[in-house]
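What follows is a set of notes on a single structure, which appears directly below.
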Amino acid sequence: MTDPSRQAILDACRTYYESRNQPKFEPGRSYIASSGKTMDADDLVNLVDASLDMWLTAGRFTETFERRLARKFGLRHASLTVSGSAANLLAFSAFTSHKLGERRIAEGSEVLSVAAGFPTTIAPIVQNRCVPVFVDVDLATGNVLADRLEDAVTDKTAAIMIAHTLGNPFDLKTVMEVAERHNLYVIEDCCDAFGARYEDKPIGTFGDAATLSFYPAHHITMGEGGAVLTRKKSNNLLVNSFRDWGRDCWCLPGKDNTCGKRYEWQLGDMPYGYDHKFVYSHLGYNLKPTDMQAAIGVSQLDKVDDFIAARNANVAGYMRAFRDAGLDEHFILPEATPNSEPSWFGFFLTIRDDSPLDRRDLLSHLEDMRIGSRLLFSGNIIYQPAFEGVEYRVFGDLTNTDKIMNDSFWLGCWPGISSDQIAYVTDSIVDYLRKNH
């Protein structure tokens with residue numbers, strides 16, 4: 001039973017949150033953000049509830065979140081971490097473990113991916129001294145041209161690590177067939193795609209590991225945060241080892257002797273019986289979350305289906321508005337990958353070759369009209385300053401990737417976007433075309 005004084009604090013938090021005024025949309029004055037968080041009183045109550053515990057590190061809310069998140073995907077294991085980028089690092093690093101023997105991803109291995117995306121999908125490959133191999137993408141879906149993957153495989157290829165672009169699943173059937181033929185690991189970056197499905201199955205459940213992000217731009221948020229999803233307990237233990245300093249022990253924070261033989265291990269060249277809590281089997285990190293983060297995640301999970309429905313409805317609204325206004329003559333509109341149900345992160349647009357539109361000029365105009373937009377992250381990552389001196393291989397050409405770098409962008413579809421805002425965005429682009437072309 002909740003302590004009365006504690007309950008009074010939580011009730012006051014709910015009253016405070018619900019008393020706040022929500023500003024109304026004013027065309028041309030209110031800023032239409034490309035992304036944002038959708039919060040309510042439950043999130044504040046959970047945050048304060050966790051802070052009152054004064055536990056601070058991973059605790060009861062973390063355990064609840066990990067259990068419920070895994071169940072949401074129909075998997076057995078979910079490990080919470082500090083960000084989606086950290087989740088990518090942990091997921092990839094887990095498969096470099098010496099505990100996997102000949103199946104480990106060794107230094108110098110090649111990893112198939114795409115250059116059009118977020119940099120921290122690629123960074124773990126390079127950070128683990130492996131070589132990314134870039135395959136071009138499709139302009140309508142933004143996803144890998146999966147029919148090129150088979151020919152991109154060499155005797156050095158060890159894995160495939162690709163993101164589901166802006167919530168649109170990549171061709172998992174082809175990817176998994178290539179992986180199975182060549183005994184490759186598959187890591188699904190689902191950071192932009194929580195809730196998307198492929199052949200009526202949740203994305204994130206096809207590969208050996210999957211990652212999520214809970215940054216405020218994403219489908220649910222806890223401020224900062226991410227997770228790694230796995231089916232096998234052995235893979236989950238590897239992820240947690242790299243997350244928790246590289247330790248061999250799997251005890252939860254504040255727990256001791258889960259294995260029942262804390263002082264009976266003989267590992268490496270350590271003395272027999274050396275405290276298992278201080279034996280390290282990997283060169284790991286400290287990427288553990290706080291319980292306050294997890295507390296918000298728990299309440300956000302209750303709303304995620306509604307968030308996904310709102311995102312998809314907004315993209316459908318954009319599609320109708322753009323087609324009705326004839327804007328499909330100027331833009332390649334987004335297409336769902338065949339056999340998939342996207343969980344849209346953004347409304348993806350590419351200026352057609354025969355359109356007079358200039359992306360830089362258009363986006364400057366939209367910003368002047370108080371409309372936010374974003375590019376497809378790094379564009380073509382091989383041209384980024386951070387990639388200078390990085391070893392990589394390109395299979396075939398990256399023609400479409402270069403097109404995306406120069407002519408693509410996306411508009412917000414998060415639940416905070418209203419039908420009035422979609423109409424205003426559409427009208428602003430039509431007005432720009434009328435005045436300039």
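Against the condition over 19 Å from the mean Cα position of the chain (by Cα), part of a helix (DSSP H, G or I), surrounded by fewer than 17 Cβ atoms within 10 Å (Cβ to Cβ) and modelled with pLDDT of 95 or more, how does LEU52 come out, does it pass?
It is true that LEU52 is over 19 Å from the mean Cα position of the chain (by Cα), part of a helix (DSSP H, G or I), surrounded by fewer than 17 Cβ atoms within 10 Å (Cβ to Cβ) and modelled with pLDDT of 95 or more.
All but one of (1) farther than 24 Å from SER213 by Cα; (2) charged (D, E, K, R); (3) crowded, with 20+ Cβ neighbours inside 10 Å hold for ARG311; which doesn't?
Looking at each condition in turn, ARG311 falls short on (1).
Select from region 21-68 the residues that are farther than 18 Å from GLY412 by Cβ and of a type in the set (Ser, Thr, Tyr) and list them in ascending order.
Listed by number, the residues that qualify are SER51, THR57, THR62, THR64.
Take LYS403 and decide whether it is modelled with pLDDT under 95 and outside any loop (DSSP other than H, G, I, E, B).
Considered against the rule, which asks whether it is modelled with pLDDT under 95 and outside any loop (DSSP other than H, G, I, E, B), LYS403 comes out as no.
Residues are listed down the side, and each one gets a yes or a no for (1) within 20 Å of ILE220 (Cβ to Cβ); (2) at pLDDT below 95; (3) touching a His at 6+ places or on another chain (Cβ under 6 Å):
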{"position": "ALA12", "(1), (2), (3)": "no, no, no"}
{"position": "ARG20", "(1), (2), (3)": "no, yes, no"}
{"position": "LYS24", "(1), (2), (3)": "no, yes, no"}
{"position": "ILE32", "(1), (2), (3)": "no, no, no"}
{"position": "SER35", "(1), (2), (3)": "yes, no, no"}
{"position": "LEU44", "(1), (2), (3)": "yes, no, no"}
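Would you be able to say whether some residue in region 230-249 is surrounded by 16 or more Cβ atoms within 10 Å (Cβ to Cβ), among the hydrophobic types (A, V, I, L, M, F, W, C) and either touching a His at 6+ places or on another chain (Cβ under 6 Å) or not assigned by TED's automatic domain parsing to the domain that holds HIS164 (or both)?
yes
Testing ASP43 on (1) out of contact with any Leu (no Cβ under 9 Å at 6 or more places or on another chain); (2) not in a helix (DSSP H, G or I), one condition comes back false. Which one is that?
Answer for ASP43: the failing condition is (2).
Just name the residue that is nearest to SER418 (Cα to Cα) out of those in region 314-336 that are touching a Lys or Arg at 6+ places or on another chain (Cβ under 8 Å) and buried (at least 16 other Cβ atoms within 10 Å of the Cβ).
Among those residues, the one meeting the criterion is LEU333.
Any idea which of LEU75, LEU69, LEU90 is touching a helix residue (DSSP H, G or I) at 6+ places or on another chain (Cβ under 6 Å) and modelled with pLDDT of 95 or more?
Residue meeting the stated conditions: LEU90.
What do you reckon, is VAL137 surrounded by 24 or more Cβ atoms within 10 Å (Cβ to Cβ) and touching a Cys at 6+ places or on another chain (Cβ under 7 Å)?
Considered against the rule, which asks whether it is surrounded by 24 or more Cβ atoms within 10 Å (Cβ to Cβ) and touching a Cys at 6+ places or on another chain (Cβ under 7 Å), VAL137 comes out as no.
Here are the criteria: (1) over 27 Å from ASP192 (Cβ atoms); (2) assigned to a loop (DSSP other than H, G, I, E, B); (3) touching a residue at least 24 places away in the same chain (Cβ under 8 Å). Tell me which single one LYS277 does not satisfy.
All conditions are met except number (2).
Quick check on region 345-360. Is at least one of its residues touching a Ser or Thr at 6+ places or on another chain (Cβ under 7 Å), of a type in the set (A, V, I, L, M) and over 22 Å from ILE308 (Cβ atoms)?
No, there is no match, as no residue in region 345-360 is touching a Ser or Thr at 6+ places or on another chain (Cβ under 7 Å), of a type in the set (A, V, I, L, M) and over 22 Å from ILE308 (Cβ atoms).
Of the conditions (1) of a type in the set (Lys, Arg); (2) within 18 Å of the chain's Cα centre (by Cα); (3) in the same structural domain as VAL239 (by TED's automatic domain parsing), ARG311 clears all except one; give me its number.
(3) is the only condition that ARG311 fails.
Looking at region 122-134, which of its residues are under 19 Å from ASN235 (Cα atoms) and crowded, with 23+ Cβ neighbours inside 10 Å?
Of everything in region 122-134, those that are under 19 Å from ASN235 (Cα atoms) and crowded, with 23+ Cβ neighbours inside 10 Å turn out to be PRO124, ILE125.
When you look at PRO4, is it in contact (Cβ under 8 Å) with a residue 24 or more places away in the chain and outside the structural domain of ARG243 (by TED's automatic domain parsing), yes or no?
no
I need a count of the residues in region 284-300 that are within 24 Å of ALA94 (Cβ to Cβ), under 20 Å from the mean Cα position of the chain (by Cα) and either among the β-branched types (Val, Ile, Thr) or part of a helix (DSSP H, G or I) (or both).
The total comes to 4.
I need the full set of residues from region 265-283 which are among the aliphatic types (A, V, I, L, M) and within 31 Å of the chain's Cα centre (by Cα), in order please.
LEU283
Please go through (1) outside any loop (DSSP other than H, G, I, E, B); (2) free of Cβ contacts under 8 Å to residues at least 12 places away in the same chain for GLY389 and return the number of the only condition it doesn't satisfy.
With respect to (1) outside any loop (DSSP other than H, G, I, E, B); (2) free of Cβ contacts under 8 Å to residues at least 12 places away in the same chain, GLY389 is out only on (1).
Any residue at all in region 261-274 that is in contact (Cβ under 8 Å) with a residue 60 or more places away in the chain and in contact with a helix residue (DSSP H, G or I) (Cβ under 6 Å, 6 or more places away or on another chain)?
no
List pairs: first in region 353-369 and farther than 15 Å from VAL430 by Cβ, second aliphatic (A, V, I, L, M) and in a loop (DSSP other than H, G, I, E, B), Cβ under 9 Å, 6+ apart or cross-chain?
Listed by first residue and then by second, the contacts come to ARG359/LEU375; LEU363/LEU375.
Among the residues of region 165-181, write down those that are among the charged types (D, E, K, R) and under 12 Å from GLU199 (Cβ atoms).
Those that are among the charged types (D, E, K, R) and under 12 Å from GLU199 (Cβ atoms): ASP171, LYS173.
Take ALA12 and tell me if it is buried (at least 16 other Cβ atoms within 10 Å of the Cβ) and either among the hydrophobic types (A, V, I, L, M, F, W, C) or part of a helix (DSSP H, G or I) (or both).
Judged against the criteria, ALA12 is not a match.
The values are calculated or read from the model by the stated rules, or taken from the named source; none is laboratory data. Quantities reported herein were computed from a predicted structural model and do not represent experimental measurements. Cβ coordinates were reconstructed from backbone atoms using ideal geometry, including for glycine residues, and neighbour counts include every protein chain displayed.
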